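What follows is one structure encoded as structure tokens, with my remarks underneath.
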Amino acid sequence: MEIKDFTEIEQKQIREGLSTAEISDKEAANKILALVPKEWIKRIPFFVRGHATTKTIERIANQFPELYAVAKQSGELPEKEREELRKIITGIFEEKMNKHKIK
């Protein structure tokens, strides 16, 4: 995917620099992002990858604070919460990848 594949407005935002979320707990973010298939992350163009990943973690923290709190705890994610978070984050990534026609 090239920058020309984005809309004019998106291209302007990319040139100006996309916003990224300030993640307070990097370990929790890494646990959650580990649930996304690696090949999906690699398909996101490098110039929007930081925006996509941090904003997704921020969205999960805001919409699912109880699951995010579990991810913030030390150690591995419990099976139940891991599967819930996997469904949530893969759903968000599928939605965004389809929206931007990332195959």
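Could you report the chain's accessible area per residue, 1.4 Å probe, as an integer in Å²?
Accessible area per residue, the chain: 66 Å².
In whole percent, how big is the carbon plus sulfur part of the accessible area of the chain, probe 1.4 Å, protein atoms only?
51
How high is the relative contact order of the chain? Use alpha-carbon pairs under 8 Å, at least six apart in sequence, and give a whole percent.
Rounded, it is 35 percent for the chain.
Any idea what % of Cα-Cα pairs in the chain are farther than 21 Å?
35
Karplus couplings for region 68-81 from phi (6.51 cos²θ - 1.76 cosθ + 1.60, θ = phi - 60°), rounded to Hz, Gly and Pro as x?
Residue by residue, region 68-81 yields 5, 4, 5, 5, 6, 6, 5, x, 6, 6, x, 3, 4, 5 Hz.
From the phi angles alone, apply the Karplus equation (6.51, -1.76, 1.60; θ = phi - 60°) to region 93-102 and give each ³J(HN,Hα) in whole Hz, x where the residue is Gly or Pro.
Taking θ as phi minus 60°, the curve returns 5, 4, 4, 5, 5, 5, 4, 9, 6, 8 Hz for region 93-102.
The values are calculated or read from the model by the stated rules, or taken from the named source; none is laboratory data. In this text the structure is predicted, and so the values were computed from the model without any measurement. In case anyone asks, the SASA skips ligands and DNA or RNA and just uses the protein heavy atoms, side chains included. Shrake-Rupley method; radii C 1.70, N 1.55, O 1.52, S 1.80 Å.
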